[in-house]
């Protein structure tokens with residue numbers, strides 16, 4: 001029966017006092033009932049506080065103790081031989097020890113098997129990024145609680161988030177940083193956060209056929225091993241846009257090197273819209289093996305020559321030789 005101390009009672013009320021959560025946990029752990037005294041009723045307190053002057057005058061006065069163990073041993077002896085045997089008017093003249101043995105002892109519960117863990121309670125509002133701040137750490141909570149005020153229970157090892165009395169999320173405590181459970185995001189954003197092969201293919205289809213072909217080729221074999229490269233290619237959307245990225249993928253396919261490095265290089269150089277290189281079907285042979293048409297493909301063309309033109313050319317050559 002505490003006085004309405006702040007560490008025990010958050011809000012005094014005659015009918016429904018609001019007990020501090022940590023204080024209530026302590027009472028629950030040891031099987032005790034918290035029944036605060038009425039506020040602004042000083043006459044209610046003497047019955048609870050009356051034993052205090054007796055303990056002070058009978059046990060403490062005139063005594064000296066050399067250690068905490070000495071004091072505890074003396075307190076046990078005094079309780080059994082002095083305080084427990086005195087006659088108490090509120091008990092009808094009976095001794096407290098006899099009342100305890102006859103009535104109260106049978107109702108006692110054993111101590112809990114585990115020690116009490118003191119927790120710190122606080123409140124927080126869930127931000128639009130599905131995180132709350134506890135101390136110097138951000139913790140994620142289910143997305144449906146965005147904008148809601150939640151209760152947070154923190155210990156040295158665990159952080160628990162409650163909403164309307166129900167446990168919504170549990171995290172291992174972190175001194176500083178961020179803990180995020182990707183499953184706390186809305187369903188439509190889970191795939192984005194996970195960036196699985198399925199997500200990559202879906203995003204590539206939105207970019208264009210060229211990008212989809214590149215991603216399909218990357219993820220065709222050893223998808224998880226090549227997943228980072230696929231994510232990197234799709235990450236270029238934010239800087240260069242879908243149109244340029246798709247064009248760069250198409251050009252990379254044309255030159256036979258649809259890799260992240262090549263596609264990024266094409267975008268940086270701005271060459272994604274240049275004509276596709278000529279192909280000869282020779283599996284990448286050197287230029288001088290492509291034949292005259294390929295080797296001089298970019299040279300200026302000349303009109304077809306006639307037989308007379310060839311005869312004139314022969315005569316000119318003979319005259320040059322004669323000289």
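Below are the figures for this structure:
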{"quantity": "Considering residues of the stretch 253-265 that are assigned to a helix (DSSP H, G or I) and free of Cβ contacts under 8 Å to residues at least 40 places away in the same chain only, the residue nearest to residue 239 (Cα to Cα)", "calculated": "264"}
{"quantity": "Residue within the stretch 184-199 that is in contact with a helix residue (DSSP H, G or I) (Cβ under 9 Å, 6 or more places away or on another chain), farther than 30 Å from residue 133 by Cβ and in a helix (DSSP H, G or I) present", "calculated": "yes"}
{"quantity": "Residues of the stretch 30-62 classified as in a loop (DSSP other than H, G, I, E, B) and either touching a helix residue (DSSP H, G or I) at 6+ places or on another chain (Cβ under 7 Å) or closer than 23 Å to residue 16 by Cβ (or both), total", "calculated": "12"}
{"quantity": "Odd one out for residue 1, checked against (1) at pLDDT 75 or above; (2) outside any helix (DSSP H, G or I); (3) out of contact with any strand residue (DSSP E or B) (no Cβ under 8 Å at 6 or more places or on another chain)", "calculated": "(1)"}
{"quantity": "Matching entry among 271, 250, 213 (being outside any helix (DSSP H, G or I) and over 30 Å from residue 139 (Cβ atoms))", "calculated": "271"}
{"quantity": "Flag for residue 137 being loosely packed, with under 15 Cβ neighbours inside 10 Å and under 30 Å from residue 118 (Cα atoms)", "calculated": "no"}
{"quantity": "Condition check for residue 255: over 41 Å from the mean Cα position of the chain (by Cα), surrounded by fewer than 13 Cβ atoms within 10 Å (Cβ to Cβ) and either under 23 Å from residue 195 (Cβ atoms) or modelled with pLDDT of 85 or more (or both)", "calculated": "yes"}
{"quantity": "Contacts under 6 angstrom Cβ, first residue in the stretch 23-34 being within 15 Å of residue 5 (Cα to Cα), partner modelled with pLDDT of 90 or more and part of a helix (DSSP H, G or I), 6 or more apart", "calculated": "34/27"}
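The values are calculated or read from the model by the stated rules, or taken from the named source; none is laboratory data. What you see is a predicted model; the values in this text were computed from it and never measured. Note: ideal-geometry Cβ built from the backbone for every residue, glycine included; neighbour counts use all protein chains shown.
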